[in-house]
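Inspection log for the structure reproduced underneath, given as structure tokens.
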Amino acid sequence: MGAIIFALARKEFLALLKDKRSRFVIVVPPFVQLLVFSFAASFDLNNVPFAVYNEDRSAASRALVARFEGSPHFNLVQRIDADGGITPAIDRRDVLMVLHIGPQFSEQLLLGRTAPAQIIIDGRNSNTALIVLNYARSIVTDFSQDWAREHGWPLSPAVVSTRAWFNPNLESRWFIVPGIVGLLTLVVSLLVTALSVAREREAGSFDQLLVTPLRPTAILLGKALPGIIIGIVEASLIIAIAVYGFGVPLRGDLLALYVGLSLFLLSSIGIGLMISSLAATQQQALLGAFLFLVPAVILSGFATPIANMPRAVQLITYLDPLRYFLVVIRGVFLEGSTVDALLHQYWPMAIIGVSTLSFAAWLFRHRMY
Amino acid sequence: MRLRGLLRKESLQILRDPSSIAIAFVMPVVLLLLFGYGVSLDAKNVPLAVVVEQPSADTASLEAGFAYSNYFAPRHFASIQEAQGALERREVDGIVWLRADFARRLASTGNAPIGVIVNGVNANQARLVQGYVQGVWIGWLEQRARNRGEELRQPVRLEQRIWFNAEVRSTNYLVPGLIAVIMTLIGALLTALVVAREWERGTMEALMATPVRMRELLIGKLVPYFILGMGGMLLSVAMGLWLFRVPLAGSFWVLVLASALFMSATLAMGLLISVVTRNQFVAGQVAIIVTFLPAFILSGFIFEIRSMPWIIQWITHLVPARYFVAILQSLFLAGDVWPVVLPNAAALLLFAAVLFALVRLRTAAKRLE
């Protein structure tokens, strides 16, 4: 039995790796994507192009502008000297923000009155707008507090002092890169398995396989093994790159990570094989894999938090194995989670894996064309 | 005449294969529903632990500020240890901690610290939460000063204006961006698969052996899919306008024209993939890897291109979705901003032309084999 499964797995491996193009598709793109996306997928903004419209031209207003210029988040690209200049600069997307300081800014300040500083932000991307607003607000608050101290204003009654756990500098790369490990592992394992049954169905060799003494379970294992092995190897390489290449701290237990990875692969391969055995043709299998992949990524919490979704959509996310794996991998990387802290993430993946795999095995014999 | 026959054949082929119709119409609906409801970067009702070590009138009014904010769902904890435990278990996303001496320092020295701890794993969310906390803090300070018949004395007050999307609703920029992602899927994936299938089955060679010219063959393939894709686009726009209530500030015909350009570019890309790979398996994978994921991550749809490293920024110029997303976000939210629309439309035109030329080159060379 073991030898037969091994022979079948070996055949699957050869079918995948023998063809130069399919070998290329499995090996090269995940790494290229890891590099490109890890650098690209960041919510941190730097060098935000901004313009200054300073009607005041005093030492005080120049000091405020200098704070913006000195920040790594902002890059002064334009100076505006009339009201009419603001609209075109924003409309054309030359700048994301305009800092407008009115003519009485320093006069008000020196009289001991509150002076307004206005910022106008391009809201076409509302998330970017909010982040820019936060950066600008903290620069202005710092300036204001320093001014108060240096010029003998009364202290603010209360101040906010913030600390961030697990990611003190709030680098969004630390959030995104572990997410990409999950995303790419899902893509690779789905691609490897989704076509395996459908290809044989289309070629007619699946019927031959079914009339051999092999039991459906054995066929299933033979088909699943290459996916699991390729998935573990690629995921390990990607994790190594995340740690050594991108410097994302790996604080938790590798055991917790690999238990999660194995269960995640089990569930994603189960889904891949299920899609593959439901499909009559390779095209249907690919489309099926795709129709699973897109919502699975979107609803996993990869880019946008699940907590922001409406209740009904949140319920759907419980069917998504990536949802659980992202908690596992981010937990192990950043929060230093151990096996027992992640049990609630493990068992849903195990259930998804076992049920989809058994359904796929059942389909082997019950879906004939 | 020959062309008409081909068009008829291709159209019938689409109409009789439900999976093509499914890609063009069911997929946009499903994706828009998923994204429109599932993807939101606006944090609402963030679970927040509040620890007040010594309650007073001031701490009560500050707490009320958090309770009345739409952004927070505060929960009371008796001690900071309990609150930290809840933060570790991911039950709350942040802690507000008012120490025992808060009221005393508020009354005497000023600068009474409002301790804030956020879970930094999701850095973007954490930053937004910090911003919301600052908002509550400023509002509370102003309210408190007013109640005491004073004026809040702070040197600089920030006035913010967010243009084009005043209520900073993320759906307003995500839905237009999605149209680009969905059209990429329809255009590239569908043509790549369908045409690759013809190569694989040998029907392409059979067609080539007829007197039909290659150019006619390609046009015959593209026109029906173009119509299908534009249908999917109109459906998406209709859903965006009426279901998700996204405003369309620009003109509809500019939108249609820009979409037609983008559709041509993606169809050409799908065709090129199928001509190069001639294999459904590889074509499908390449289509997913070079079209969907870049359209999602490198198009500026979620992540800001201007903050990416310059190499990545350069790569984004090779992603047609980038130009279309820029056009869409301006058209929907800002209006017909010609300095944005025209250069991006020109880039799309160039893209389509180059890709079609490459397709012609490949097919002309292959014909001689």
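Derivation of every value follows stated rules applied to the coordinates shown; laboratory data play no part. Keep in mind that what you see is a predicted model, and the values were worked out from it rather than measured. So basically every Cβ, Gly included, is an ideal-geometry build from the backbone, and we count neighbours across all protein chains shown.
Brief remarks follow.
- Amide H contacts of A:N75 (H built 1.01 Å from N, in plane; Pro and chain starts excluded): A:V48, A:F50 sit under 5 Å, all sequence-distant by 5 or more or on other chains.
- Diagonalising the gyration tensor over the Cα atoms of the protein assembly as shown and scaling each eigenvalue by 5 before taking the square root yields semi-axes of 51, 33, 19 Å, largest first.
- Only alpha carbons enter this Debye calculation for segment B:46-147, each as an equal point scatterer, and the log10 of I(q)/I(0) it gives at q = 0.10, 0.18, 0.24 Å⁻¹ is -0.25, -0.83, -1.40.
- Compactness of segment B:120-259, taken as the C-alpha radius of gyration over 2.2 N^0.38 Å, stands at 1.85.
- DSSP assigns beta bridges within the protein assembly as shown; of those with both partners inside it, close to 20 percent run antiparallel.
- Integer Hz, Karplus 6.51/-1.76/1.60 couplings in order for segment B:323-340, x for Gly and Pro: 5, 5, 4, 4, 4, 4, 5, 5, 4, 6, 9, 9, x, 6, 8, 4, x, 8
- Order of A:T141, A:T114 - criterion: other Cβ atoms within 10 Å of each residue's Cβ, fewest first: A:T114, A:T141
- Think of segment A:48-150 as a dipole: +1 on every Lys or Arg Cβ, -1 on every Asp or Glu Cβ, centred on the Cα centre; then among A:V95, A:L64, A:L110, A:V95 lies furthest on the positive end.
- Where GluC sites (Glu not before Pro) fall in DSSP loop in segment B:82-185, at most 15 other Cβ within 10 Å: B:E91, B:E150, B:E151, B:E167
- Couplings 3J(HN,Hα) for segment A:100-112, derived from phi with the Karplus relation 6.51 cos²θ - 1.76 cosθ + 1.60 (θ = phi - 60°), are 10, 10, x, x, 9, 4, 6, 4, 4, 4, 6, 7, x Hz, where x marks Gly and Pro.
- Put a plus charge on the Cβ of each Lys and Arg, a minus charge on the Cβ of each Asp and Glu, and nothing anywhere else: the dipole of the protein assembly as shown about its Cα centre is then about 2200 debye.
- Charge dipole (debye, nearest 20) of segment B:46-147; +1 at Cβ of Lys and Arg, -1 at Cβ of Asp and Glu: 160 debye
- Lysine pair number, Cα distance threshold 29 Å (strictly under), the protein assembly as shown, separation 8 or more or different chains: 10
- Positive-end residue, the protein assembly as shown charge dipole about Cα centroid, Cβ charges, pick of B:S79, B:M233, A:F325: B:M233
- Largest-first ellipsoid semi-axes for segment A:48-150, taking √(5λ) over the Cα gyration tensor eigenvalues, angstrom: 23, 16, 11
- Computed over the protein assembly as shown, the per-residue total of -39500 (n - 2.57) for DSSP H runs of n ≥ 4 gives a 222 nm mean residue ellipticity of -20000 deg cm²/dmol, rounded to 500.
- Fewest-first sequence of A:D207, A:D122 by Cβ atoms within 10 Å of each Cβ: A:D207, A:D122
- Taking the inverse of the mean reciprocal distance over all distinct Cα pairs, the Kirkwood hydrodynamic radius of segment A:170-294 comes to 15.7 Å.
- Cα-based shape type of chain A, given that a ≥ b ≥ c are square roots of the gyration tensor eigenvalues and the cut on a/c is 1.5: prolate
- Computed about the Cα centre, the dipole magnitude for segment A:48-150 is approximately 180 debye when only Lys and Arg (+1) and Asp and Glu (-1) carry charge, each at its Cβ.
- The ratio of the alpha-carbon radius of gyration of segment A:55-101 to the globular-protein estimate 2.2 N^0.38 Å is 1.17.
- A simple spin-label model places pseudo-atoms 7 Å from Cα toward Cβ; at A:A312 and B:S79 they are separated by 4.5 nm.
- Going from the residue with the fewest nearby Cβ atoms within 10 Å to the one with the most, A:W174, B:W137, B:W242, A:W362 rank B:W242, A:W362, B:W137, A:W174.
- For segment A:242-369: rounded, prolate or oblate by the Cα gyration tensor [a/c cutoff 1.5]: prolate
- Distant-in-sequence amide H partners of B:R75 (H built 1.01 Å from N, under 5 Å): B:L48, B:A49, B:V50
- Rounded if a/c under 1.5, otherwise prolate or oblate - segment A:101-222, Cα gyration tensor axes: prolate
- Among A:V211, A:F175, A:V188 - extreme Cα towards positive end, dipole of segment A:82-215, charges at beta-carbon: A:V211
- Of the DSSP H helices in chain A, those whose Cα atoms cover at least 18 Å axially and whose Kyte score averages -1.0 or more: A:2-18, A:20-40, A:126-150, A:173-194, A:216-240, A:254-278, A:282-298, A:343-366
- Note on chain B: Cα-only Rg and Dmax are 27.7, 94 Å.
- The HN-Hα couplings worked out from phi for segment B:295-307 by the Karplus form 6.51 cos²θ - 1.76 cosθ + 1.60 (θ = phi - 60°) are 4, 7, 9, 9, 8, x, 5, 10, 9, 6, 5, 5, 9 Hz, whole numbers, x standing for Gly and Pro.
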